[in-house]
Amino acid sequence: MLEGLTQPLTISWFWLKRADSKRELRFVVSSHPYSGAYLVMLGRKRWAIEGFFKTIKHRFGLHCFGQSTKLGVYRWLILSLLAYLLAHWIDQWSSPPVLDWKATCDLTLSVLFPSVLWLKLLRYLQISADIAARHGFEIILKPIPT
């Protein structure tokens, strides 16, 4: 019991394994009378969620998007989900799949970004074809023979 609080606090701890095989002591506090094992389970889930949000904000550049309105929050959540799914699919596609967010983000960018640029270029050329035709030019794209 703490002075000034009407409810008792339950405190528990667990050792969190880091990526470099080191352990870090984490504490979990609750105002509900949960058991220590249940608090540890909740704490681990919470840290996994916090880690996910930190990753999507900083690895995917989503910390730049405004979240001050309800629509902004919905957009941010959709962009976060899309970024996560794309990165997860690229990670599963790579061999062997090892979920290291930095490596996965770099791989996702190197795999998907050229395709996006190529599709944007093709769309721009398709739009510009009539302008080129008015000036007496024809834009032809064909594969290089092998």
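The values are calculated or read from the model by the stated rules, or taken from the named source; none is laboratory data. Fair warning: this is a prediction, and the values are worked out from it, not measured in the lab. Because the Cβ atoms are built from the backbone with ideal geometry, glycine has one as well, and the counts that use them run over all protein chains shown.
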Is at least one residue of segment 5-26 touching a Phe, Trp or Tyr at 6+ places or on another chain (Cβ under 8 Å), in a helix (DSSP H, G or I) and over 22 Å from residue 107 (Cβ atoms)?
-> no
Might you let me know whether segment 74-81 holds any residue that is farther than 19 Å from residue 57 by Cβ and assigned to a helix (DSSP H, G or I)?
-> no
Does segment 109-144 hold any residues that are farther than 30 Å from residue 91 by Cβ, part of a helix (DSSP H, G or I) and of a type in the set (Val, Ile, Thr), and which are they?
-> 127, 131
Taking residue 21 and the conditions (1) touching a residue at least 12 places away in the same chain (Cβ under 8 Å); (2) more than 21 Å from the chain's Cα centre (by Cα), which numbered condition does it fall short on, given that it satisfies the others?
-> (1)
Go through segment 38-54 and count every residue that is over 30 Å from residue 83 (Cα atoms) and at pLDDT below 80.
-> 1
